[in-house]
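Here's the structure we're looking at; comments come further down.
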C-alpha cells in the first residue's frame, strides 16, 4: 500500500472516531475485526469493486462497446456457459468486444464473491430460502447424481450393482458442509447403508478423478460431470438407482444492487441453453 504503519493506524483511528464505534479489537495476535468491522469490510469490498467497474465504464466512453460478465460456476455446470455465450453473442454485434470471466468453485466459496461485487452471476445449488433473501434465484436445470468407478474396477463389470457392493471401496462424497450432503446421508440411512471408514470429502473434480482412477475409489458426482468423463474413457458410471437424488442448479444474482443489463441477458441465455 506504500503506507507506513503509523499512517494506517492514524487513518483507522479517524475512521473509528468518525463512525463512533470500534472496528477492530487489539489482541496479542494482532487486530481482530469486531462485528461492526466485519460489516463495514464487506460493504467496503463492494464499494471498491463498484469503483473499479466505474473506472472501466468511464474508460469505455467513446470506445467500441464492451460487454463484461463475471460468472462463478459450481463444478459440473460450466458446460452450459459456452452455449449461453454463443446466444449472447448472436444477440449483439458478433465482433463486439467482451470480457467474460469464469471462476469455478463451490457455492459457499462463490456466493461471498457475488455479495462482495466480484461476481455478477453464480451458477450452482442455491442456499436455503432463509439464507437467500438477498438473491434473485433463477432455476436452470436438474442434474441427477450418479456413482462412478474406474473402467477397470470390478464393479464396472457388474450388471446391477447395489449400495452394499460399494462397501469395501474408498468413497468420495461432497463435504458435510455442502447442502446436498445432508440429502445424500438421509438416502443412505433410508437404504440402511453406512458410510465407510475410508472416506474422502471434496468438491474438487480433479481430486475425485485421482481417487477413482488411481486408488480404486467409488465416487458420487453430478451426471453431467460423470458422463463427460465417461466419454473420455476415464470412468464408468454405475447403474445404481439413486431414487431421485438430484442437484437443482440455478443462476443467482444480487437483488441489490440491480444487475447490469449484460448480467440479466446472460442469465436469460443460461436459461435458454439449459433447456436444450
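Nothing in this text is a laboratory measurement; each read-out follows from the coordinates by a stated rule. As the structure is a prediction and not an experimental result, all values here were calculated from the model. When we count neighbours, we look across all protein chains shown, and the Cβ atoms used for this are built from the backbone with ideal geometry, even at glycine.
Given R₀ = 30 Å, FRET efficiency for residue 86-residue 43 by Cβ-Cβ distance, to 0.05?
E between residue 86 and residue 43, to the nearest 0.05, is 0.25.
Tell me the angle of helix 261-274 to the major Cα principal axis of the chain, expressed in degrees between 0 and 90 and rounded to the nearest ten.
Its long axis makes an angle of about 0 degrees.
Kindly give Rg over Rh for segment 72-124, based on alpha-carbon atoms, with the Kirkwood expression for the hydrodynamic radius.
1.03
Let me check I have the definition right: for segment 64-195, take the eigenvalues of the Cα gyration tensor, multiply each by 5, take square roots. What are those semi-axes in whole Å, largest first?
Those come to 37, 20, 12 Å.
With each label point set 7 Å from Cα along the Cα-Cβ vector, what nm distance links residue 102 and residue 128?
That separation, rounded to one decimal, is 3.3 nm.
What's the extension gain from residue 275 to residue 17 if we count 0.36 nm per residue and subtract their Cα-Cα distance?
Difference between extended and current length: 87.4 nm.
How long are the three semi-axes of the equivalent ellipsoid of the chain, in whole Å, if each is the root of 5 times an eigenvalue of the C-alpha gyration tensor, listed from largest down?
Gyration-tensor ellipsoid for the chain: 41, 27, 16 Å.
Based only on Cα atoms, what mean projected area does the convex hull of segment 142-247 have, in nm²?
Spelled out: convex hull of the Cα atoms, projected over all directions, averaged, 6.1 nm².
Label-point separation (nm) for residue 177 and residue 232, each offset 7 Å from Cα along Cα-to-Cβ?
Simple spin-label model gives 2.7 nm for this pair.
Using helices alone, what [θ] at 222 nm do you get for the chain, with -39,500 (n - 2.57) per DSSP H run of 4 or more residues, divided over all residues and rounded to the nearest 500?
After summing the helix terms and dividing by the residues of the chain, the value is -12500 deg cm²/dmol.
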